[in-house]
Every structure is written in structure tokens, then in C-alpha cells.
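Peer 1: Sharing a structure, written as C-alpha cells. Questions coming.
Taken together, the values in this text are just the output of simple stated rules run on the coordinates, not laboratory data. None of these values were measured; they are calculated from a predicted model. Positions of Cβ are backbone-derived with ideal geometry, glycine not excepted, and every protein chain shown enters the neighbour counts.
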Amino acid sequence: MKKILVAEDELHTRNIFKDCLEAEGFEVVSAENGQIAVQQVHAQLPDLVLCDIIMPKLDGYGVLEALRQNPETASTPFIFLTAKSTKVEVRQGMELGADDYLTKPSTAEELLRAIEARLERQEKLKQWCVHEFQQAQPSPHRESSSSSSIFPSIPQFSAVFEFIEANYTQSISLNDVAQAVEYSPAYLTNLIRRQTGRSLYQWIIERRMTAACSLLLETRQTVEQIAIAVGYQDAGHFSRQFRQSFGMSPKSWKHAHQ
């Protein structure tokens, strides 16, 4: 069952979304303000976030920025809910990493169609990551492929992907990458997403997950050791990110692929 977080300060509207989604078989977590939304996302790790822009304590932009700056939630699909969407609002949201906008009031069909499209895309990303890992594995008839082959061959971003490849085992941030390639963080995030369909954090996560898969199958290292080896200081954080990427724990994935 897919889990969706609905962040909306108006109780009536929040309940309408909640009832609609639960009727379609989704598990729904709700939040009445931005601060609670951020807390709930980190605690519940939903598959998708629906978030109003104008909310007390922390607005939707603040929620999105907080999630995109945390590697654990950076790739979570995010849809804005807004009473009106100007070009300025859309641009600001997209630069922060929003996936879509829904204008209120919207029909149940529009809501479900937008959610289905985002979840389907997320699932394709997971399948792609598994495929790239499998393609990178050495066979008896060929030499081992370079792990950097998970990155697309785009000359404009070669320095970006080279930096990730050289430093993914460390605790790197968007600011670190942007500084290394001399771009502003917001511009680099928007550029990478437009050209590749993935955020910068998603590429860092996918590189780490690919390395983790190799270590799970090819070594006897513990989950804790692998977490540190691929850039996570906390094994719980690593395990949650792995589960979000592959739908199962590192140990279960290892058993399934041996």
C-alpha cells in the first residue's frame, strides 16, 4: 500500500483529500502546518507528498526546501496544492524541485491522475536503478564495467558526475557539488532535473545504492559497514533510503538476489 502525506491547513479540504485517497486504497498521513509536515515526512517516509503552499509556521516552499536538502527525502515525489499558480510560483517551486502543481479546487480524477503519474515515474526510476546495477556487474566473458556508467553521457554535466563519483562515499551536499562546478545550487538543481529527469540528490543516492548492492553481493560486510562505505554515518538512515529505493531492506535484497 502506497503512503501519501497530505499537508493542508484547512481541515475540511484536508479531510476531502484524505477520504478520496483512502477510498482508492492509499494510506494517508496528514499535517495541518508545514513544521508538522516535515516532521511527518521524516518519521513516516511517505511515497509522495501533497502540500499546500500557504500554511502556518512553515509554508509549502519551506517544506519542499527542507525535504530536498535531506538526502533521505530528496527523491520523494512532491506535488504542490495551490488556489492559484502564477508563473512566478511555478518557477519558484520547480527550482526547489517540485514535481507537479494542482490548482484547488481540483477534481478527484485530476488528483488521482497526477499522483499516479508521479508514482509511476518513481517506480520506473527504481527499476532503472536495478537495471543499471545489473548491467554494471561483471560477467565471465567481459571485464568489469565502470561503476560510473550509471551516469548519462552528457558533456555539460561531466564535471558534476565526476565529482559525485569521486566523493559519493563522503557526506556531500548539494552546496558541495555546486561549489565544485561553480554553479549556484538552485540553478544546478533546476538544470540537472530538466536535462536528466532526476534531481542531483537522486543521482547521489542512486550512485550510493548501486555501490551498496555490489557490496551486499560481493562481500561479507555488515549493513553497518556498508552504510559507512557508501557515505552514510547512520545505518538506520542508509537502511531507510535503501528500502525507499528498492522496496525492501538491504538484507532482504541480498537474499533475493543471491
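Peer 1: Work through the residues other than LEU11 whose Cβ is under 15 Å from its Cβ and net out their charges, Lys, Arg +1 and Asp, Glu -1.
Peer 2: Around LEU11, the charge tally is -3.
Peer 1: I would also like to ask the following. Hey, fewest Cβ within 10 Å first, where do MET55, MET248, MET1 land in order?
Peer 2: Starting with the residue having the fewest Cβ neighbours, the order is MET1, MET248, MET55.
Peer 1: Another one. Under a point-charge model restricted to the Cβ atoms of Lys and Arg (+1) and Asp and Glu (-1), what is the dipole moment magnitude of region 142-225 relative to its Cα centre, in debye to the nearest 20?
Peer 2: The dipole of region 142-225 has a size of about 280 debye.
Peer 1: Then there's this: For region 188-231 and region 155-185, compute the distance between their C-alpha centroids and round to whole Å.
Peer 2: Each part's Cα centre sits 14 Å from the other's.
Peer 1: D for region 3-119, whole µm²/s, Stokes-Einstein with Kirkwood Rh over alpha-carbon pairs at 10 °C and 1.306 mPa s: what number?
Peer 2: In µm²/s, the coefficient rounds to 115.
Peer 1: Please grab the % of Cα pairs in region 137-257 that end up more than 17 Å from each other.
Peer 2: 58
Peer 1: What is the fewest-to-most order of HIS12, HIS257 by other Cβ atoms lying within 10 Å of their Cβ?
Peer 2: Final ranking by Cβ density, sparse to dense: HIS12, HIS257.
Peer 1: Which order do peptides 173-183, 60-70 fall in by mean Cβ count within 10 Å, highest first?
Peer 2: 60-70, 173-183
Peer 1: List, in order, the whole-Hz ³J(HN,Hα) value for each residue of region 165-182 obtained from phi through the Karplus relation with A = 6.51, B = -1.76, C = 1.60 and θ = phi - 60°; use x for Gly and Pro.
Peer 2: Couplings: 4, 7, 10, 5, 7, 9, 7, 8, 10, 4, 4, 4, 5, 4, 5, 5, 9, 6 Hz.
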